[in-house]
Amino acid sequence: MRRMLLLALAVPLLQGCKRETRDLRPDPPVAAALDGVAILPIGIGGRPPEVYFALGKPYRTNAYQLSEGKRLYAWFGCPQCHGQGEGTARGPALLDGWWNYGPGLETIYLSVRDGRPGGMPAFRSRLTNDQLWQLAGYVQQLGAYSGGAAAPSRDDAPPTRPAENRAPARFAPLEP
Amino acid sequence: MSAQPRDTGLDGAALDAALASVWSARPGLLGWFTTVDHKAIGRRYIATAFLFLALGGVLALLMRWQLAQPEGRLLGPDRFNQIFTMHGATMMFLFAVPVMEAVGVYLVPLMVGTRNIAFPRLNAFSYWVYLFGGALLWIAFLLDMGPDVGWFAYVPLSGPQYAPGKRADIWAQMITFTEIAALAVAVEIVVTVFKQRAPGMSLDRMPLFVWAMLVTSFVVILAMPAVVLASTALILDRLVGTQFFNPAAGGDVLLWQHLFWFFGHPEVYIIFIPAVGMVSTILSTFCRRPIFGYTAMVLALVSIGLLAFGLWVHHMFTTGLPRLGESFFTASSMAIAVPSGLQIFCWLATLWGARPRMAVPMLYVLAFLFTFVLGGMTGVMVASVPLDTQLHDSYFVVAHFHYVLIGGAVFPLLGAIHYWFPKLSGRMMSERLGRWAWGLVFGGFNLVFFPMHILGLWGMPRRVYTYQPELPWAGLNLFSSLSAALLALGFLLFFWNAWRSARKGEMAGPDPWGAPTLEWATASPPPPWNFSRIPVVESVSPLWDAPGELKVATGLRLDRRELVLTSVMAAEPEARDSSPQDSIWPFLAAIVTSVMLIWSIFSPWAVVWGSIPVVAALILWFWPRGTPEDES
């Protein structure tokens with residue numbers, strides 16, 4: 001009886017805490033498969049590869065992956081053109097809720113990987129597949145209207161805006 | 001007033017029956033949750049702490065397995081980070097500090113000749129909070145969200161930017177649990193020692209272990225607030241966006257290290273001072289003479305307690321502090337060798353010419369002397385800045401602090417368990433198994449950790465999850481890992497011995513060792529009221545100096561839990577006072593406190609809403625119920 005109760009408690013907890021796992025480096029086959037996005041011919045929209053689902057959609061639900069994305073965003077010069085998301089003269093805003101190429105995670109992934117004709121450079125050769133996904137996850141979260149249950153936190157930098165994890169959390173399932 | 005029954009003139013059996021009716025815990029499960037008997041809680045505390053020792057030991061074995069060969073595949077880097085953090089946090093916060101306080105909770109009231117610890121309900125509360133804090137840490141670890149930032153959780157690594165998720169919060173909140181538990185026990189022990197000593201036990205007749213626990217309790221009270229402050233500031237930084245540790249916004253990263261080590265270094269002495277008290281006690285009993293230089297020993301304990309607060313910066317020599325600060329803290333770190341050395345010499349003088357009885361507790365004391373002196377030597381080495389700059393964060397440091405912590409605290413503790421086991425359980429631990437376990441633990445320990453000195457000198461850094469085959473470390477690592485199996489076997493034997501002896505051991509009788517202190521003046525295990533009549537003390541070694549019957553005090557009431565309060569210095573009787581009855585509220589209060597603390601990892605509003613049930617529980621806890629205990 002007691003065991004059953006414990007089990008009943010443990011299962012949801014175990015589910016919930018996938019967002020704390022930390023995959024520092026995916027296995028090489030997994031990393032390779034992460035690139036297999038099925039793209040529509042116009043280069044907008046498509047479907048993330050199967051392994052993304054098999055991994056449990058970590059790039060939007062795992063705080064570690066999101067904060068890695070945040071770090072890459074700073075390291076790879078995105079603020080040069082996109083600012084902290086508000087956009088600059090050289091690149092569009094990412095947090096105004098308007099996506100030139102659609103809001104899907106796989107589209108954002110493609111924007112970063114292959115670049116876009118209006119002046120967005122391609123990062124394919126500079127980042128690994130999982131890093132590209134981390135970036136895409138972070139960028140999508142940046143433009144989301146509601147907070148997620150997982151979020152990176154503030155940087156050790158002069159505060160310019162409230163930390164991401166201060167937004168009200170939303171526990172509804174996320175689209176891919 | 002004349003209607004109150006007194007113990008004057010009652011004979012043994014009738015007296016015990018009367019005492020049993022007011023002091024005994026309720027039978028059954030409810031009694032288990034409501035008891036406030038310091039012995040029941042002390043036993044529980046000790047058992048739980050040893051459970052955490054075993055868990056932490058398993059983690060240590062996993063790390064040794066991983067490091068046995070280069071490019072080990074057992075653990076990945078992330079798991080390894082969690083494991084070394086959990087090992088350190090478990091051993092320091094859930095084993096070493098609690099177990100020392102637990103032994104104090106069990107023994108101090110017996111040694112000072114009183115019937116229960118002061119604030120016994122707080123004592124029960126303390127145990128539950130400690131248990132829930134330990135459970136929090138371990139359940140989180142099993143859910144893959146164990147902290148991975150080291151047991152010291154340095155910012156910025158543990159800060160909002162580099163430790164996403166809730167792992168570091170789990171660590172910080174576990175600290176809060178153990179702080180509450182430790183502070184509660186410290187306050188109880190100070191009050192018990194100051195106000196509840198048996199009549200006649202003036203400060204200079206107090207057993208050395210009681211002195212040690214008194215000093216420890218003061219160190220706890222003074223050290224813990226620093227880490228309370230630090231961990232709270234960390235949680236605030238992470239959860240509500242304060243900037244305590246953010247240099248870009250005027251915060252300070254080094255502030256964390258100062259606050260942490262202002263607690264963290266005294267913490268080492270919180271573990272070590274009780275161990276010293278155990279050593280003095282065991283040594284005196286087995287040499288059958290009072291400890292040499294009682295006053296010097298007491299002064300050494302007190303000065304270690306004071307100096308403990310003047311050394312913390314030696315953990316931070318490589319952070320680029322001003323030269324003057326480094327020199328000062330080098331000097332003070334070396335100064336602590338003076339009182340420690342004084343004690344060593346007093347022990348040697350006690351041993352001099354004595355024919356100590358070589359039972360297992362005494363063997364552990366000898367193991368302590370040998371190991372601790374070695375650890376102390378390397379301590380003096382790393383206290384000097386130039387050497388420390390070389391050795392910092394290398395395996396040399398790992399070797400050093402295991403020598404002082406295991407040699408300085410765990411060996412005396414194992415000796416103390418063998419020594420007081422008859423008091424705890426009424427039965428002796430097996431001498432034969434004990435000797436085997438001693439040999440394996442002592443030998444295994446040195447074989448595991450001595451090579452680490454050399455590995456450190458060869459440049460192996462701490463906290464690496466693996467190393468390359470080209471590096472010259474493989475041989476010694478393999479040797480150390482294999483020896484770890486011996487050490488583990490020794491601990492297994494010890495646990496097996498305790499388990500078996502508690503059931504089948506030889507019956508002990510009240511005083512199996514012929515020891516001088518008051519805890520041996522009552523039955524083994526003691527009845528819930530400890531002493532049928534409160535003893536009166538006339539020397540440091542009452543049981544040796546008054547070989548017949550001890551003098552006792554009479555005239556205590558029998559219709560409530562009553563004990564004698566005495567004056568702080570001379571222990572002259574001042575008043576009779578009541579001791580609280582059993583209550584379920586400490587347990588319930590601990591539950592609601594835990595809910596509030598764990599919830600506050602996720603939302604700052606928990607502090608607001610969660611404190612309402614805490615207040616309610618406390619009000620019900622203290623609600624006057626018209627029992628004889630409530631009379632002033």
Checklist entry - Quick one: putting +1 on the C-beta of Lys and Arg, -1 on the C-beta of Asp and Glu, what dipole do you get for segment B:345-446 around its Cα centre, in Debye to the nearest 20? => result 640
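Please report Rg over Rh for chain B, where both radii come from the alpha carbon positions and Rh follows the Kirkwood definition.
The Rg/Rh ratio comes out at 0.97.
Pulled fully out, how much extra length does the chain show between B:Leu74 and B:Leu30, if you take 0.36 nm times their separation in residues and subtract their Cα-Cα distance?
Numbers: separation 44, 0.36 × 44 = 15.84 nm, distance 4.45 nm.
Fully extending the segment from B:Leu74 to B:Leu30 adds 11.4 nm.
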Checklist entry - Quick one: which of A:115-123, B:150-158, B:260-268 comes out on top by average Cβ neighbours within 10 Å, and what's the full order, highest first? => result B:260-268, B:150-158, A:115-123
Checklist entry - With θ set to phi - 60° and the Karplus curve 6.51 cos²θ - 1.76 cosθ + 1.60, what are the ³J(HN,Hα) couplings of segment B:334-347 in order, to the nearest whole Hz, using x for Gly and Pro? => result 6, 4, 5, 5, 5, x, 5, x, 4, 5, 4, 5, 4, 5
Next on the checklist: Given the options B:Trp599, B:Ala118, B:Tyr465, identify the residue whose Cα lies farthest towards the positive end of the charge dipole of the protein assembly as shown (+1 on Cβ of Lys, Arg; -1 on Cβ of Asp, Glu).
Outcome noted: B:Tyr465
Checklist entry - In terms of Cα to Cα distance under 19 Å, which lysines are near enough to B:Lys504, apart from those fewer than 8 places away along the same chain? => result B:Lys423
Checklist entry - Cα extents of segment B:209-295 along the three principal axes, largest first, in whole Å? => result 63, 18, 18
Item to check | Cβ-based net charge around B:Val112, under 13 Å, with every Lys or Arg adding one and every Asp or Glu removing one | outcome: +2
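Only counting other Cβ atoms within 10 Å, I'd like B:Ser430, B:Ser280 sorted with the fewest neighbours first. Each step should come with its number before you reach the end.
Numbers: B:Ser430 21, B:Ser280 28.
So the residues, fewest neighbours to most, are B:Ser430, B:Ser280.
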Next on the checklist: Quick check: the distance between the Cα centres of segment B:106-134 and segment B:7-75, to the nearest angstrom?
Outcome noted: 11
Item to check | Cα gyration tensor of the protein assembly as shown - equivalent ellipsoid semi-axes, whole Å, descending | outcome: 54, 31, 23
Next on the checklist: Skipping prolines and chain starts, which residues have an amide H placed within reach, meaning under 5 Å, of the one on B:Ile534, given they are 5 or more residues away or on another chain?
Outcome noted: B:Ala553
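In which sequence would A:Trp133, B:Trp352 go, from the one with the fewest C-beta neighbours within 10 Å to the one with the most? List each step's numbers first, then the result.
Values: A:Trp133 32, B:Trp352 9.
Listed from fewest to most nearby Cβ atoms, that is B:Trp352, A:Trp133.
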Checklist outcome for this item: Quick calc, segment A:23-142, dipole around Cα centre from Cβ unit charges on Lys, Arg (+) and Asp, Glu (-), nearest 20 debye, gives 200
Next on the checklist: Output the 0 to 90 degree angle, nearest 10, between the alpha-carbon long axis of helix B:411-425 and the longest principal axis computed from the alpha carbons of chain B.
Outcome noted: 30
Next on the checklist: Calculate the FRET efficiency for B:Phe602 and A:Ala122 from the Cβ-Cβ distance with a Förster distance of 51 Å, rounded to the nearest 0.05.
Outcome noted: 0.80
Item to check | Per-residue average of Cβ from other chains inside 10 Å of B:593-604 | outcome: 0
Item to check | Placed amide H near B:Thr566: partners under 5 Å, 5+ positions off or other chain | outcome: B:Gln196, B:Arg197, B:Glu574
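Count, for each residue of A:154-161, the Cβ atoms from other chains sitting within 10 Å of its Cβ, then give me the mean as a whole number. Could you put the intermediate results ahead of the total?
On the way: counts 10, 7, 15, 5, 5, 5, 0, 0.
Averaged over the peptide's residues, the number is 6.
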Checklist outcome for this item: Counting other chain Cβ atoms within 10 Å of each Cβ in B:233-245 and taking the mean gives 2
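Among B:Thr192, A:Thr88, B:Thr371, what is the fewest-to-most ranking by other Cβ atoms within 10 Å?
Numbers: B:Thr192 29, A:Thr88 12, B:Thr371 22.
So the residues, fewest neighbours to most, are A:Thr88, B:Thr371, B:Thr192.
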Checklist outcome for this item: Computed curve, segment B:462-532, Cα-only Debye sum without solvent term, log₁₀ I(q)/I(0) at 0.21, 0.26 Å⁻¹, is -1.00, -1.12
Checklist entry - Which value in Å does the Kirkwood hydrodynamic radius of segment B:197-250 take, with 1/r averaged over all unlike C-alpha pairs and then inverted? => result 14.4
Checklist entry - Given charges of +1 on the Cβ of Lys and Arg and -1 on the Cβ of Asp and Glu, with all other atoms neutral, how large is the dipole of the protein assembly as shown about its Cα centre, in debye to the nearest 20? => result 1100
Checklist entry - Beyond 18 Å, what share of the Cα-Cα pairs of segment A:23-142 remains, rounded to the nearest whole percent? => result 47
Checklist outcome for this item: Scalar couplings 3J(HN,Hα) for segment B:513-521 by Karplus 6.51 cos²θ - 1.76 cosθ + 1.60 (θ = phi - 60°), nearest whole Hz, x for Gly and Pro, are 9, x, 8, x, 9, 5, 4, 8, 8
Item to check | For segment A:126-140 versus segment A:84-112, the gap between their alpha-carbon centres in whole angstrom | outcome: 13
Checklist entry - Which of B:His402, B:Val58, B:Ala437 sits farthest toward the positive end of the charge dipole of chain B, with +1 on the Cβ of Lys and Arg and -1 on the Cβ of Asp and Glu? => result B:Ala437
Item to check | Ordering of A:89-97, B:301-309 by packing [mean C-beta count within 10 Å, highest first] | outcome: B:301-309, A:89-97
Item to check | Using θ = phi - 60° and Karplus 6.51 cos²θ - 1.76 cosθ + 1.60, couplings along segment B:118-135 (whole Hz; Gly, Pro as x) | outcome: 5, 6, x, 6, 4, 4, 4, 4, 4, 4, 5, 4, 4, 4, 5, x, x, 5
Next on the checklist: Quick query: amide H of A:Gly87 versus all other amide H atoms, modeled in the peptide plane; which residues come in under 5 Å with a sequence gap of 5 or more or a different chain?
Outcome noted: A:Leu94
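Quick note: the coordinates plus some simple rules give every number you see, no bench work behind them. All values reported here derive from a predicted model rather than from experimental measurement. FYI the Cβ positions are ideal-geometry reconstructions off the backbone, even for glycines, and counts take in every protein chain you see.
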